[in-house]
Amino acid sequence: MKLIIDNANIDDIRSMYEYFPMDGVTCNPTILAKEKRPPYEVLKEIRDFIEEGELHVQVLNDKAEGMVEEAYKIRKELGDDTYIKIPTTKEGLKAIRILAAAGIHVTATAIYTQMQAFLAAKSGALYVAPYINRIDNLGSDGVRTAKEIHDMFRNYGFKTEVLAASFKNSRQVITLCEYGIGATTISPDVLDLLIKNDSVTAALNVFRSDFERVCGKGKTMLDC
Ligand SMILES: O=C[C@H](O)COP(=O)(O)O
């Protein structure tokens, strides 16, 4: 499963890359707006830092022709390997087909239903991004929806992968990991929850105090 960071803050991204085996960065217009700087300035910094990692950037137009135009501008600014996030509306499906036919990497976003995912995959998207937590908040089951999409793609032999987004807790991520979905994009706070465990800290504290009883305070295998 690819591990992608859903954030546009370069300090957060640097920090997450330092500790976690990251595969790239996604953002959306809301995430970009939080940086309060010109979007391409922010994105170019991210592009330079993550080097070959995946970068997913969303268009704003709601008509297919405008989406396609934006996609070409994003690629011109940030490189041809940039994934263009296209909202999975009727106009979006048209744009996905045009872009995919031109060999452009498309991530179909704002996925709430299996049918949106099916249509996006059939139109040529390389990823579909179901919004796990937002689906949960509609009274449905985001994790189950993502798994059903993943299974459907395998049944049809689509090469499209699920890039699950919108997480609020580590359980949602772990369950999708067990299902073997292609990728998750996670905010820094939820990424931290994946490794935060008070039982681990407690176990390590016991190891340390036992060792220090014999070797002295602050001693390690370097200087005992
Ligand atoms: O681009 C979509 C976001 O990943 C949605 O995440 P959010 O529901 O936490 O805002």
Problem set entry | Euclidean distance between Cα centres, region 140-203 to region 84-132, Å | 19
Seminar exercise, completed: For the pair Arg213 and Tyr72, the simple spin-label estimate (label points 7 Å beyond Cα toward Cβ) gives in nm 7.3
Problem set entry | Relative contact order, percent, the chain [alpha-carbon distance under 8 Å, six or more residues apart] | 16
For this session: Among Gly53, Asn205, Ala33, flag the residue with its Cα farthest along the positive direction of the charge dipole of the chain, charges on Cβ as +1 for Lys/Arg and -1 for Asp/Glu.
Result: Ala33
For this session: Determine the relative contact order of region 145-224: mean sequence separation of Cα pairs under 8 Å and six or more apart, normalised by residue count, in whole percent.
Result: 23
Problem set entry | Table column - 3J(HN,Hα) (Hz), region 213-224, Karplus curve with 6.51, -1.76, 1.60, x for Gly and Pro | 4, 8, 9, x, 4, x, 6, 9, 5, 7, 9, 8
Problem set entry | Of Lys2/Lys196; Lys2/Lys85; Lys122/Lys147; Lys94/Lys122; Lys34/Lys94, pairs whose Cα-Cα distance is over 23 Å | Lys34/Lys94
Seminar exercise, completed: Nearest 10, in degrees from 0 to 90: the angle of helix 142-156 to the longest Cα principal axis of the chain is 60
Problem set entry | Largest-first principal axis extents, alpha carbons of the chain, Å | 72, 38, 29
Problem set entry | Nearest-20 debye value, the chain charge dipole, Cβ charges on Lys, Arg, Asp, Glu | 460
Exercise. For Thr26, which sequence-distant residues (separation of 5 or more, or a different chain) have an amide H within less than 5 Å of its own amide H, given hydrogens modelled in the peptide plane?
Worked result: Ile5, Asp6, Asn7, His56
Seminar exercise, completed: In the chain, taking the dipole from +1 charges on Lys and Arg beta carbons and -1 charges on Asp and Glu beta carbons about the Cα centre, the listed residue (Tyr72, Ala110, Tyr83) farthest towards the positive end is Ala110
For this session: Take Val206, Val25, Val173, Val190 and order them by how many other Cβ atoms sit within 10 Å, fewest up front.
Result: Val206, Val190, Val173, Val25
Seminar exercise, completed: Most exposed first, judged by fewest Cβ atoms within 10 angstrom, Cys215, Cys27 run Cys215, Cys27
Problem set entry | Of Ile149, Ile186, Gln172, farthest towards positive along the dipole that unit charges on Lys, Arg, Asp, Glu beta carbons give the chain | Ile149
For this session: Round to the nearest 0.05 the FRET efficiency obtained for Lys90 and Leu138 when R0 = 30 Å and r is the Cβ-Cβ distance.
Result: 0.90
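Read-outs: derived from the displayed coordinates by stated rules, not from any lab. These numbers were taken from a predicted model, which means no experiment stands behind them. FYI the Cβ positions are ideal-geometry reconstructions off the backbone, even for glycines, and counts take in every protein chain you see.
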